[in-house]
1. Is region 1-138 rounded, prolate or oblate when judged by the Cα gyration tensor, a ≥ b ≥ c being the square roots of its eigenvalues, rounded requiring a/c under 1.5 and prolate requiring a/b larger than b/c?
2. Scan around V12 for amide H atoms under 5 Å from its own, H built in the peptide plane at 1.01 Å from N, and keep only partners 5 or more places away or cross-chain.
3. Sorted by mean Cβ packing within 10 Å, highest first, what order do the peptides 25-33, 38-46, 425-433 take?
4. With r defined as the distance between the Cβ atoms of R269 and K10 and R0 fixed at 30 Å, what FRET efficiency is calculated, to the nearest 0.05?
5. Mean 1/r over all different Cα pairs, inverted: what Kirkwood radius does the chain give, in Å?
6. If you project the alpha carbons of region 150-268 onto their three principal axes, what span does each projection cover, largest first, in Å?
7. If packing is taken as the average number of other Cβ atoms within 10 Å across a peptide's residues, how do 276-285, 320-329 rank, most packed first?
8. How large is ³J(HN,Hα) for each residue in region 309-314, as worked out from phi by the Karplus curve 6.51 cos²θ - 1.76 cosθ + 1.60 (θ = phi - 60°), to whole Hz, x for Gly and Pro?
Amino acid sequence: MKEQKNTIFKTVYQYNQTPISAADMEKLLEIARDCMDVRNYVYDRYGGIRALPKISPGYTVQNEMTKSGLRERLNLPSVYFYLSIFDALGDIKSQWARVKNEIGKNIRANPNLTPEERHYLRFVMKQSQCFEMVLVGGESAPTGKWIRIYESMREGVDAHRLDQYLRRQVRRHLVKPHSEAADGFPASPKGYRYGDHGIYLAMKERGKRLFIPLTDNNRYTRQVYIRLYPEESKLTVNVPVQVRQRHPAGYDGELGLAVGLKCMFVTDRGRAYGERYLEYQSALTDYVREKLPRHRRNMKYNPGTKKYNAGKARLEKAMHDYVNAEINRMLETEKPGTVYLPKLPSAPKAGFSHRINATMNMWQRGYVRSRLIRKCAERSVEVTEVFGKGISNQCSGCGAEGEKKQEMFFCKACGMELSERENTARNVLKRGRGIKEETAPEGKS
Ligand SMILES: [Zn+2]
């Protein structure tokens with residue numbers, strides 16, 4: 001199984017050391033308002049359908065914005081001007097991504113489209129040159145090999161109607177971004193300089209820099225965001241820091257689980273989840289055992305059939321809700337990077353009382369297991385199954401065979417005394433680690 005390697009952005013904050021004077025705050029707010037104006041100008045001019053061919057890679061927008069004279073009118077330092085343009089372009093691009101995503105969903109859900117039509121629409125959406133041509137017209141016709149592919153794609157479908165469908169979808173979903181937030185502005189090293197236990201920020205007055213003492217001496221060389229809190233005479237320097245994480249939500253480490261009927265999971269540290277599982281399971285089993293025979297006798301004419309089914313469904317749902325809630329609680333508490341669990345034994349052991357056997361037969365191990373695997377996948381948690389034979393009889397301390405009595409495990413060889421389930425979970429963890437070492441890249445041959 002793959003390891004999840006994710007790069008995420010974390011924001012590091014720097015704070016002003018002393019309160020910012022009202023006059024200085026006003027100068028900073030003026031820059032923030034100008035940057036908002038620049039963003040809204042870009043949104044307005046390039047956020048619509050016709051501007052689609054201009055937004056990637058963005059040189060056209062940059063050139064047109066330079067010529068627009070807006071920067072001179074605002075008298076804004078060029079560093080803030082251009083960063084605001086790029087910020088706005090980024091917003092427009094995410095807006096387009098969102099629109100395409102929505103349309104993709106509609107295409108999938110539209111029962112009136114044939115597979116060929118869906119194929120054509122998906123192709124057009126994916127190929128930016130084709131997409132632009134459909135939306136904006138001849139100006140940006142596809143070039144090179146795409147002409148032939150595009151032409152062949154249009155054969156056999158009513159391309160005219162499908163293009164219209166696509167245009168309608170875009171018009172319905174595309175919203176020009178707009179901002180009323182003037183609470184800060186972006187800055188790059190062209191606009192700031194660290195020094196003297198603080199940061200110097202470029203101001204609108206030519207050549208002037210405003211000095212803000214900071215509470216720390218860290219220096220960064222990337223684009224930051226100056227966030228203003230005028231009521232509190234405060235600002236923060238928000239620095240995006242890229243961190244590599246094994247898991248985006250901080251899930252890490254290994255977890256061995258004993259899986260059971262009495263309690264859904266016991267971890268290798270002895271923590272229990274789903275301790276009331278048997279109650280739910282027994283309620284369902286008892287209900288089926290008590291109601292089913294009468295109901296079966298005259299299945300077709302029995303008015304109780306509906307009632308029986310409803311009653312069974314209600315108990316089943318209660319159990320499933322409980323299982324799901326407990327798996328969530330377990331994953332959110334333990335935050336494992338890898339979960340080990342024993343492989344499902346082939347059949348439940350015989351030799352229990354009739355009632356227990358019935359419960360065992362109905363034990364929804366498959367359900368608990370599939371939900372666990374699914375929920376782990378949603379959180380990018382790796383799941384590895386380990387060989388389960390003899391796993392509860394082995395001592396997790398020394399490996400010798402031990403004895404189980406009243407839910408406790410005793411090892412004569414090393415003297416270990418531990419709850420039976422915890423001992424099993426520790427063995428699961430040990431066996432899981434063993435598998436991992438065997439399949440580690442170095443050991444591959
Ligand atoms: Zn032992």
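FYI, it's all coordinate maths here, none of it is from the lab. All figures in this text were calculated on a predicted structure; none of them were measured in a lab. Using ideal geometry, Cβ is built from the backbone for each residue, glycine included, and neighbour counts are taken over all protein chains shown.
1. Numbers: a/c = 3.12, a/b = 1.69, b/c = 1.85.
Oblate is the answer for region 1-138, as a/c is 1.5 or above yet b/c matches or exceeds a/b.
2. V239, V241
3. Working: 25-33: 17.8, 38-46: 20.0, 425-433: 23.4.
Result, highest mean Cβ count within 10 Å first: 425-433, 38-46, 25-33.
4. Numbers: r = 29 Å, r/R0 = 0.95.
With a Förster radius of 30 Å, E is 0.60.
5. Working: mean 1/r = 0.0350 Å⁻¹.
By the Kirkwood definition, the hydrodynamic radius is 28.5 Å.
6. Dimensions of region 150-268 along the principal axes of its Cα atoms: 67, 62, 31 Å.
7. On the way: 276-285: 17.7, 320-329: 16.0.
So the peptides 276-285, 320-329, ranked by packing, come out 276-285, 320-329.
8. Running phi through 6.51 cos²θ - 1.76 cosθ + 1.60 with θ = phi - 60° gives 4, 5, x, 5, 4, 5 Hz.
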